[in-house]
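**Student:** What follows is a structure written as structure tokens; I'll ask about it next.
The values are calculated or read from the model by the stated rules, or taken from the named source; none is laboratory data. Everything quoted here is computed from the prediction, not taken from an experiment. Note: ideal-geometry Cβ built from the backbone for every residue, glycine included; neighbour counts use all protein chains shown. Heads up: the accessible areas ignore ligands, DNA and RNA and are worked out on the full protein's heavy atoms, side chains in. Shrake-Rupley method; radii C 1.70, N 1.55, O 1.52, S 1.80 Å.
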Amino acid sequence: FSFFVQPQGHAQVLRNMLDLGMDPQQALDAPRFFVSVADYSIGENIFETMSDRPKIFLEAPLPEEMAETLRQKGHRVVSQVTGMKRAMFGRGQIIRRDPKSGVLTAGSDPRADGCAMGF
């Protein structure tokens with residue numbers, strides 16, 4: 001099981017763009033999930049919250065029905081993560097260059113400050 005969000009976030013954002021046809025901003029705006037053996041929901045020192053049973057964190061507005069389905073399958077789920085705690089899902093900026101036209105499109109994650117700039 002993973003501890004770090006970076007590879008999980010990368011996979012979700014890339015899937016949004018490659019499989020679902022989202023542009024960079026849409027891909028970054030989409031809600032995410034995060035599987036972790038540390039409990040990011042309860043405190044500052046996540047290293048003291050390690051468990052052998054991972055939790056699945058679901059960012060709002062992922063539906064509560066999704067969380068309930070996962071719980072019924074035996075998963076530990078923290079749902080409707082909002083506000084500053086959304087930082088646990090990572091953050092990023094993307095610049096994509098269209099190989100045919102050369103046009104740059106960009107996106108910047110709403111979970112943190114930052115911007116994507118290309119020239």
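**Student:** Anything in region 90-108 that is under 16 Å from the mean Cα position of the chain (by Cα) and either open to solvent by 80 Å² or more (accessible area, probe 1.4 Å) or closer than 14 Å to MET22 by Cα (or both)? List them, or say none.
**Tutor:** If the condition is that a residue be under 16 Å from the mean Cα position of the chain (by Cα) and either open to solvent by 80 Å² or more (accessible area, probe 1.4 Å) or closer than 14 Å to MET22 by Cα (or both), then ARG91, GLN93, ILE94, GLY107, SER108 are the ones that fit.
**Student:** Given the conditions (1) open to solvent by 30 Å² or more (accessible area, probe 1.4 Å); (2) touching a strand residue (DSSP E or B) at 6+ places or on another chain (Cβ under 8 Å); (3) at pLDDT 90 or above, which single one is not true for GLY118?
**Tutor:** Status for GLY118: all satisfied but (3).
**Student:** Which condition breaks for ILE95 when tested against (1) at pLDDT below 95; (2) assigned to a strand (DSSP E or B); (3) within 30 Å of GLY118 (Cα to Cα)?
**Tutor:** (1)
**Student:** Can you tell me which residues in region 98-116 are touching a residue at least 12 places away in the same chain (Cβ under 8 Å), in a loop (DSSP other than H, G, I, E, B) and out of contact with any helix residue (DSSP H, G or I) (no Cβ under 8 Å at 6 or more places or on another chain)?
**Tutor:** The answer is GLY114, CYS115.
**Student:** Sticking with this structure for a sec: Looking only at residues in region 25-63 that are of a type in the set (Phe, Trp, Tyr) and open to solvent by 30 Å² or more (accessible area, probe 1.4 Å), which one is modelled with the lowest pLDDT?
**Tutor:** Going through the qualifying residues, I end up with PHE47.
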